[in-house]
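Notes for the one structure printed next.
The values are calculated or read from the model by the stated rules, or taken from the named source; none is laboratory data. What you are looking at is a predicted structure, and each value in this text was computed from that prediction instead of being measured. As a convention, Cβ positions derive from the backbone with ideal geometry for all residues, glycine included, and neighbour counts pool all protein chains shown.
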Amino acid sequence: MIRDKYGNLFEMYERITGENPYEAPMRIYPAIHYTMGGLWVDYALMSNTPGLFVLGEANFSDHGANRLGASALMQGLADGYFVIPYTLGDYLANTALDKINPEQGEFQGVRNDVNAWLKQLLSIQGKKTVLQFHRELGLLLWNHVGMSRTGAGLKAALGAIAALEEEFWHDVRIPGSPDMLNKNLEMAGRVADFFELGKLIALDALQREESCGGHFREEHQTPDGEALRNDEKFCHVSVWQYKGKGAEPALHREPLDFEFVSPTQRSYK
Amino acid sequence: MNTLNLTLRIWRQADPQAKGKLVEYPLQGVSTDMSFLEMLDVLNEQLIHQGEAPVEFDSDCREGICGACGFVIDGAAHGPWRRTTVCQLHMRAFKDGDVITLEPFRAKAFPVIKDLVVDRSAFDRILTAGGYISVDTGSAPEANGLPVPKDHAEEAFDSAACIGCGACVAACPNASASLFVSAKISQFALLPQGQPERKARALRMVAQMDKEGFGNCSNHGECEAVCPKGISIKNIARMRREYFKAVAAK
């Protein structure tokens, strides 16, 4: 039965640990597997960029403050089978899509921006590799923006991420050139984005003064150590709007309406 | 923690036109707990700090489920462990002092892009030729409208476990893509959703496979032996039946 349902996971475990999970007890500890949230979409699954539809885990629509195994499958099926067949066809049928010339000014502008950005990244030639920055950033988020966090830790993380980002733009060392396959350059672009995303996640966590789902704010717990929500102030999804490079993002709140069930205190006791 | 001192002989090739060669790199103090790709990360960090070009290789999930990674280790696609992608191969598979040779997947239809990275877009074009099903738009399907018996689902799932890594092509003396293509044809042929395009799919995917320059299957079975997902060559027999039936129906 276990082999039938979980054979692939047991195999994966065996490869990593070198231990046979069918015989030896499995070593399991809580870890961050997934970051709740995603791109904002409307009920048709379209983002605030017209024509850009976002499906599955990439959007925020069905996420709670927790996310269990196989939720990805549910959302992929729900969005793919039941929503997008209606909404995408409707959008295409009702939208005039003029022919676009890839040589027109906007495209040239973006090409120039990207080339300048790549040139800037490659010209730094500092002392630390992209992987070193990625690991340091990951450790910062792991330690301060993980499952258990405090207001003080989140504030410290916001400062530390900004400092690390600053260091990245002065001291990253990327080998090679932009006109060839260059995975370090590709990864540098992603890590540059991760700094911004990391700051946003920490900022969001900081303003949410409650413990909810997979996020435990140590200041907000019951006397016996259970997560303490604050439904009066935080029964909403936080939606952050990009306000341009370097500018503080703006917070919008989408209230959560519970029509058929009412939120209760969960206890594992 | 056990550590190993290794000598890596790695295929270095600057671009598709360049003449490649094996270059030796000594690597000290490799933890046996590392995966093979983590070991290469360590080598690359050293190379970057020394001002040398890092070894390019493909990887993404590093959990053995995405199909991005893959190269040849000591003559075997994905290395010495059976049913294991190179990202899930761990260094405890090796001994102190080992000399390990790394080469890209070699096939005419998989040209080398750089070092250990090959262009596998031929697989994408084969999938585009027929690896899809038609879905009605404008109406959501009834959830229980297409009952699938469990054994059919299991069999289709076994075929769908193919991650498209291309090890089967690299291992085949004919550089045939038959295991990959047959797994894709099978997963659809075994399910009701795959029926509308069933015949056209077999014809189109096989035609695209030939067009890409893959060789034919002559039943060596090397593909199944290296396949990290254990895809059976029974799929190839099914592909042939599907193809014959489609030709006969034309």
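Looking across A:E218, A:E254, A:E210, one residue alone is over 30 Å from A:K119 (Cβ atoms), away from every other protein chain (no Cβ under 14 Å), exposed (fewer than 15 other Cβ atoms within 10 Å of the Cβ) and modelled with pLDDT of 95 or more. It is A:E218. Of all residues in region A:198-239, those satisfying the criterion of being in contact (Cβ under 8 Å) with a residue 60 or more places away in the chain and among the hydrophobic types (A, V, I, L, M, F, W, C) are A:I201, A:A202, A:A205, A:C212, A:F216, A:V237, A:V239. Could you tell me whether any residue of region B:122-136 is in contact with a Gly (Cβ under 6 Å, 6 or more places away or on another chain) and under 19 Å from B:A177 (Cα atoms)? Yes, region B:122-136 has at least one match.
Filtering region B:191-219 to residues that are in contact with a Phe, Trp or Tyr (Cβ under 6 Å, 6 or more places away or on another chain) and either among the acidic types (D, E) or closer than 21 Å to B:P173 by Cβ (or both) leaves only B:V206.
For region B:214-235, check the following and say yes or no: at least one residue is closer than 17 Å to B:S121 by Cα and either surrounded by fewer than 23 Cβ atoms within 10 Å (Cβ to Cβ) or modelled with pLDDT of 95 or more (or both).
Just the residues of region B:214-235 that are closer than 17 Å to B:S121 by Cα, to begin with: B:214-215.
From what's left, either surrounded by fewer than 23 Cβ atoms within 10 Å (Cβ to Cβ) or modelled with pLDDT of 95 or more (or both): B:214-215.
Looking through region B:214-235, at least one residue is closer than 17 Å to B:S121 by Cα and either surrounded by fewer than 23 Cβ atoms within 10 Å (Cβ to Cβ) or modelled with pLDDT of 95 or more (or both).
Among all residues of region B:31-45, there is none that is of a type outside the set (D, E), surrounded by fewer than 14 Cβ atoms within 10 Å (Cβ to Cβ) and out of contact with any helix residue (DSSP H, G or I) (no Cβ under 6 Å at 6 or more places or on another chain).
For region B:69-78, name all the residues that are surrounded by fewer than 23 Cβ atoms within 10 Å (Cβ to Cβ) and either in contact with a Phe, Trp or Tyr (Cβ under 9 Å, 6 or more places away or on another chain) or assigned to a loop (DSSP other than H, G, I, E, B) (or both). Answer for region B:69-78, where residues must be surrounded by fewer than 23 Cβ atoms within 10 Å (Cβ to Cβ) and either in contact with a Phe, Trp or Tyr (Cβ under 9 Å, 6 or more places away or on another chain) or assigned to a loop (DSSP other than H, G, I, E, B) (or both): B:V72, B:I73, B:D74, B:G75. Scanning region B:117-131 for residues that are assigned to a loop (DSSP other than H, G, I, E, B) and within 14 Å of chain A (Cβ to nearest Cβ) gives B:D119, B:R120.
Yes/no matrix, rows are residues, columns are (1) within 28 Å of A:M180 (Cα to Cα); (2) modelled with pLDDT under 95; (3) within 10 Å of another protein chain (Cβ to nearest Cβ):
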residue	(1), (2), (3)
B:L4	no, no, no
B:T7	yes, no, no
B:Q13	yes, no, no
B:D41	yes, no, yes
B:H78	yes, no, no
B:G97	no, no, no
B:L102	yes, no, no
B:V112	yes, no, no
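Within 13 Å of chain A (Cβ to nearest Cβ) and among the acidic types (D, E), is that true of B:D60? Yes; evaluated as a whole, the condition is true for this residue.
Looking across region A:17-38 at every residue that is exposed (fewer than 14 other Cβ atoms within 10 Å of the Cβ) and aliphatic (A, V, I, L, M), the one that is nearest to A:N66 (Cα to Cα) is identified as A:I32. In the set A:Y29, A:Y22, A:Y13, only one residue is away from chain B (no Cβ under 14 Å) and either within 19 Å of B:T84 (Cα to Cα) or in a helix (DSSP H, G or I) (or both); that residue is A:Y22. The set of residues in region B:101-116 being surrounded by fewer than 20 Cβ atoms within 10 Å (Cβ to Cβ) and assigned to a strand (DSSP E or B) consists of B:T101, B:I113. Which one is farthest from the chain's Cα centre (by Cα), of the residues in region B:117-135 that are surrounded by 18 or more Cβ atoms within 10 Å (Cβ to Cβ) and over 14 Å from B:K211 (Cβ atoms)? Residue satisfying both the conditions and the ranking: B:G131. A:T222 satisfies every condition listed in (1) under 21 Å from the mean Cα position of the chain (by Cα); (2) of a type in the set (V, I, T); (3) over 26 Å from A:L140 (Cβ atoms) except (1).
Does region A:171-190 include one or more residues that are among the charged types (D, E, K, R), within 14 Å of chain B (Cβ to nearest Cβ), under 30 Å from B:Q17 (Cβ atoms) and assigned to a loop (DSSP other than H, G, I, E, B)? Checked region A:171-190: at least one residue is among the charged types (D, E, K, R), within 14 Å of chain B (Cβ to nearest Cβ), under 30 Å from B:Q17 (Cβ atoms) and assigned to a loop (DSSP other than H, G, I, E, B). Pull up region A:153-170, narrow it to residues that are out of contact with any Leu (no Cβ under 8 Å at 6 or more places or on another chain) and either in contact (Cβ under 8 Å) with a residue 60 or more places away in the chain or under 30 Å from A:K233 (Cα atoms) (or both), then point me to the one that is nearest to the other protein chains (Cβ to nearest Cβ). Here the answer is A:A162.
Does A:G105 fit the bill of being modelled with pLDDT under 95 and either within 18 Å of A:F194 (Cβ to Cβ) or touching an Asp or Glu at 6+ places or on another chain (Cβ under 6 Å) (or both)?
Working: modelled with pLDDT under 95: yes; either within 18 Å of A:F194 (Cβ to Cβ) or touching an Asp or Glu at 6+ places or on another chain (Cβ under 6 Å) (or both): no.
Criteria not met by A:G105.
I need the full set of residues from region A:121-132 which are touching a residue at least 24 places away in the same chain (Cβ under 8 Å) and either more than 12 Å from A:N184 (Cα to Cα) or more than 20 Å from the chain's Cα centre (by Cα) (or both), in order please.
Step one: list which residues in region A:121-132 are touching a residue at least 24 places away in the same chain (Cβ under 8 Å), which gives A:121-122, A:124-131.
Once the filter is applied, which keeps residues that are touching a residue at least 24 places away in the same chain (Cβ under 8 Å) and either more than 12 Å from A:N184 (Cα to Cα) or more than 20 Å from the chain's Cα centre (by Cα) (or both), region A:121-132 yields A:L121, A:L122, A:I124, A:Q125, A:G126, A:K127, A:K128, A:T129.
Among the residues of region B:57-111, those identified as touching a Pro at 6+ places or on another chain (Cβ under 8 Å), of a type in the set (V, I, T) and within 13 Å of B:L37 (Cβ to Cβ) are B:I73, B:T84, B:T85. What is the residue count in region B:63-76 for residues that are facing another protein chain (nearest Cβ under 10 Å) and either of a type in the set (V, I, T) or without any contact (Cβ under 8 Å) to a residue 40 or more places away in the chain (or both)? Counting residues in region B:63-76 that are facing another protein chain (nearest Cβ under 10 Å) and either of a type in the set (V, I, T) or without any contact (Cβ under 8 Å) to a residue 40 or more places away in the chain (or both) gives 2. For region B:160-167, check the following and say yes or no: at least one residue is on the phi > 0 side of the Ramachandran plot and surrounded by 13 or more Cβ atoms within 10 Å (Cβ to Cβ). For region B:160-167, residues on the phi > 0 side of the Ramachandran plot and surrounded by 13 or more Cβ atoms within 10 Å (Cβ to Cβ): present.
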